[in-house]
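Have a look at the structure below before the remarks.
The values are calculated or read from the model by the stated rules, or taken from the named source; none is laboratory data. Source: prediction; values computed, not measured. Positions of Cβ are backbone-derived with ideal geometry, glycine not excepted, and every protein chain shown enters the neighbour counts.
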Amino acid sequence: MPDALAGATPLSGERGTRPSQNLQLPPMSTATQGHDEAAEALGLAVIASEVNQNLAEAIASRAFPRELDAAIRYALLGAGKRLRPILVLLSSDAVGGRRQDAMAAAVAIEMIHCFSLVHDDLPAMDDDDLRRGRPTLHRHAGEAIAILAGDAMNTLAFEVIANQITGEKAGRIVRELSVATDDMIAGQVLDTLGGFEPGLADHQRLVTVHRNKTAALLRASCRMGAICAGGNDAQLEALTSYGESIGLMFQAVDDLLDVTQTTQHLGKTAQKDAAQGKLTYPEVLGVEGSRAEIHRLHAAADASLESLGPGAGPLRDLCAYMAVRTR
């Protein structure tokens, strides 16, 4: 994909972080190839391609200023797992829905996720230079346009829902996504600034952070897919439980990779959380304890799908893949 912001200059009068002219990018690792091959074997690349096309169409539907359009494309259309929209679509499939009926929700939740990444990377937050193997948006194009691009993706998500989902489902999807977004932000506050209830042990604090910061959007992805498909209460409950487990598992794997892999391999700064004094699974449980927790959460997610029968097979496969991912 071409660099959407190549040659772009910051808006005049922009303050804050300036684009980097000399930031060195890590080369593609050999593990990346294996990761991509595994995703392709599960059909994830095909689904991600469909999502990317719909994301591009959503951006093109709005006549944003050139700098804003380019910044959104850089943040939204670059390399990414597309895990959240894939969960929306596979959850819809699992309860007999039509994929096209869930695509707007899939697009919307990926916009929310990417907005959160752009803002998380800012100097006032995690102050990161790398995201998905290339400079973070504020390093590439400037801090002001990064903030505004994040803002725009947040609101464009709900515009997509309003334009493409009708009736009672529209209200339910808006509620799911807005609540999950607020929970994600609350988790980020706890992770960055603290403010826990007194008396919580470190493991309780860790789970509280990531049940919100990470699991909220993954849980909502599953629920939104079920709602778009007209799933019943039992199906919604099963997918909610699955989303909760896979959300915490995803974070545990992420934390483990952060201490066992290199920046070059991950495409983002390794061991950053430990350097910032944040709670992580390896810090609280140790490396082997983290692996045991990943195994437990994998089993819990798998068990949650039992009532859904063969239609949940792709969700089982996705969970197994995410449990052993290497980046």
Within the range 147-159, residues closer than 18 Å to A106 by Cα and surrounded by 19 or more Cβ atoms within 10 Å (Cβ to Cβ) come out as G150, A152, M153, L156, A157
Looking only at the range 204-228, and only at residues there that are buried (at least 24 other Cβ atoms within 10 Å of the Cβ) and of a type in the set (D, E, K, R), the one that is nearest to the chain's Cα centre (by Cα)
R219
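Every residue, every condition in (1) closer than 15 Å to V88 by Cα; (2) touching a Ser or Thr at 6+ places or on another chain (Cβ under 9 Å); (3) assigned to a helix (DSSP H, G or I), yes or no:
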{"position": "S178", "(1), (2), (3)": "no, no, yes"}
{"position": "M184", "(1), (2), (3)": "no, yes, yes"}
{"position": "T192", "(1), (2), (3)": "no, no, yes"}
{"position": "G195", "(1), (2), (3)": "no, no, no"}
{"position": "P198", "(1), (2), (3)": "no, no, no"}
{"position": "T208", "(1), (2), (3)": "no, no, yes"}
{"position": "R211", "(1), (2), (3)": "no, no, yes"}
{"position": "R219", "(1), (2), (3)": "yes, yes, yes"}
{"position": "L236", "(1), (2), (3)": "yes, no, yes"}
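Taking the residues in the range 160-203 that are among the hydroxyl-bearing types (S, T, Y) and surrounded by 14 or more Cβ atoms within 10 Å (Cβ to Cβ) as candidates, determine which candidate is farthest from M125 (Cα to Cα). Talk me through it step by step, then tell me what you get.
Going residue by residue through the range 160-203, those that are among the hydroxyl-bearing types (S, T, Y) are 166, 178, 181, 192.
After this cut, where a residue has to be surrounded by 14 or more Cβ atoms within 10 Å (Cβ to Cβ) as well, the list is 178, 181, 192.
Details: S178: 21, T181: 17, T192: 7 Å.
Taking the candidates together, the pick is S178.
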Can you find a residue in the range 101-110 that is free of Cβ contacts under 8 Å to residues at least 40 places away in the same chain and not hydroxyl-bearing (S, T, Y)?
no
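Within 20 Å of the chain's Cα centre (by Cα), at pLDDT below 95, at negative phi and not in a loop (DSSP other than H, G, I, E, B), is that true of A39?
On the way: within 20 Å of the chain's Cα centre (by Cα): yes; at pLDDT below 95: yes; at negative phi: yes; not in a loop (DSSP other than H, G, I, E, B): yes.
Yes; evaluated as a whole, the condition is true for this residue.
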Cβ pairs under 6 Å, 6+ apart, first in the range 37-50 and within 14 Å of R84 (Cα to Cα), second part of a helix (DSSP H, G or I) and at pLDDT below 90:
A45/A39
Here is a check on your reading of the model: is A144 surrounded by fewer than 20 Cβ atoms within 10 Å (Cβ to Cβ) and in contact with a Lys or Arg (Cβ under 7 Å, 6 or more places away or on another chain)?
yes
Qualifying residues in the range 70-100 (those that are of a type outside the set (A, V, I, L, M, F, W, C), surrounded by fewer than 24 Cβ atoms within 10 Å (Cβ to Cβ) and within 16 Å of L217 (Cα to Cα)) - the one modelled with the highest pLDDT:
R82
With the first residue restricted to the range 67-89 and required to be outside any helix (DSSP H, G or I), and the second required to be among the acidic types (D, E) and crowded, with 24+ Cβ neighbours inside 10 Å, Cβ contacts under 7 Å at 6 or more apart or on different chains are R82/E110
